[in-house]
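Presented below is the structure to which this report refers.
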Amino acid sequence: MTTKTVSGARRALALILGTAVGLVAVEALARMFFDVAIQPRFFVDPGYGVRGVQANIDTRHYVPGDYDVRVTTNSAGMRGQREYAVQKPSGTIRTLVVGDSMGFGFGVEDDEVVSAVLERLLNEQGGSAERHEVLNQSVSGTGQAEQLVAFHARFSAYQPDTVVLLYFDNDIGNNSVSGVYEASGDTAVHRTSRSFLPGVRVQQVLYAAPPIRWLFEHSTAWNLIRNQLSSIVQRQLLKTQGLRSYQDGTPEAIALTRALIRQFAADAQAIGAQLILVIIPARPRMTSNFPMTPEEFAQTGGLLVDGRDFLTVQDYFVSDSHICASGHAKIAERLKPLIAAH
């Protein structure tokens, strides 16, 4: 080996060691001065133009002072490790839970999320020969627009008898920003040619590299930067729609959301399913921008469960906007008799 080769190898080794020491120092400083949320969402492009959840996730969600939980998904990207065949087994009654991070269960363990609790409650009741399955289609950050695309493209094939649609204040903004549906007034929608996959393909490439995936799941410094970049992207998406926040109820966004809810009810009924919509209020005022009156929603043929009637501030995490285990349990308790009766 020549002297020049040895010298080059030493410089390369010094560079690698220096970089490693620098990264460790940055991480140490970040942990010393910051305590940031670690909530990797692991979006994927499932092939139908809107965001899906990666299959077979086993990761950690952490928010300082609120929660530190394990999050898993099955081979279809549904919350929890239990597998469900696409073809509904004989003697089985199926419920499909559709929502955003509230439905997916940010902040709670797999067995505490509303779908898992509801499945246990329904199967604990005596005198029924049928077996209940409750599948969780929820994808964080989505509204009814993306959820309806996914329902048509994939999840209606699971033949649900009941579709539980969770509504939260930011759905109005998410529906508008996605651009995957347009409304004709507030009664009809049609699918546009647009896809909505912001940053998904880049994320998938990054997730495929184990060291970078590890950073998403464990590094304070990495998540500090990622959270800031995500905030910038979200503000830009809102700006393109003339919105200040995802809770903004512009006339166009309200009309679109009303039409999407009506379409969801009609499409559920078309496959023989009952739609139950759950309003999840926002803390601390426990109010909702749900854009329909109970009478208007009743005209869709769906059933309404209004969380403003029974959820309290204590059912939410203190610094995080998500409902905690007690909130999931309360919603499941309200759903149980409606599904059992149907």
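Bear in mind these aren't lab numbers, they're just calculated from the coordinates by the rules spelled out. Only a predicted model underlies this, so the values are computations on that prediction, with no experimental measurement involved. Quick reminder, even Gly has a Cβ in these numbers, built from the backbone with ideal geometry, and neighbours come from all protein chains shown.
Couple of notes before you dig in:
- DSSP bridge orientation in the chain - percent antiparallel, rounded to nearest 5: 45
- Which labelled figure in (1) 0.95; (2) 1.10; (3) 1.01 is Cα Rg over 2.2 N^0.38 Å, once derived from the coordinates: (2)
- Residue-averaged 222 nm ellipticity for the chain, from DSSP H runs of 4+ at -39500 (n - 2.57), nearest 500: -13500 deg cm²/dmol
- Summed residue charge, Cβ within 10 Å of T142's Cβ, Lys/Arg positive, Asp/Glu negative: -2
- Fewest-first sequence of I212, I261, I254 by Cβ atoms within 10 Å of each Cβ: I212, I254, I261
- Approximating the spin labels as points 7 Å out from Cα along Cα→Cβ, the S90-to-E296 distance works out to 4.6 nm.
- Here's the list of aspartates and glutamates a cross-link from K239 could span, going by alpha-carbon distance under 19 Å and ignoring same-chain residues fewer than 8 apart: D169, D171, E182, D248, E252.
- In this simple spin-label approximation, A188 and V205 carry label points 7 Å from Cα along the Cα→Cβ vector, and these lie 4.2 nm apart.
- GNM top mover of E295, E109, E252 - the chain, alpha-carbon springs below 10 Å: E295
- Subtracting the Cα-Cα distance of Q269 and V313 from 0.36 nm times their residue separation leaves 12.4 nm of extension gain.
- Here the Debye sum runs over all C-alpha atoms of region 122-211 as equal scatterers in vacuum, and log10 of I(q)/I(0) at q = 0.10 Å⁻¹ comes out as -0.40.
- Available extension along the chain between Q236 and A282 is 14.2 nm, counting 0.36 nm per residue and deducting the alpha carbon span.
- Förster radius 51 Å - calculated FRET efficiency between R82 and R244 (Cβ-Cβ, nearest 0.05): 0.80
- Going by neighbour counts of Cβ atoms within 10 Å, the residues V117, V205 line up, fewest first, as V205, V117.
- The ranking of V134, V313 from fewest to most other beta carbons within 10 Å of each one's beta carbon is V313, V134.
- For V53, nonlocal amide neighbours, meaning residues 5 or more places apart or on other chains whose placed amide H falls under 5 Å from its own, are V44.
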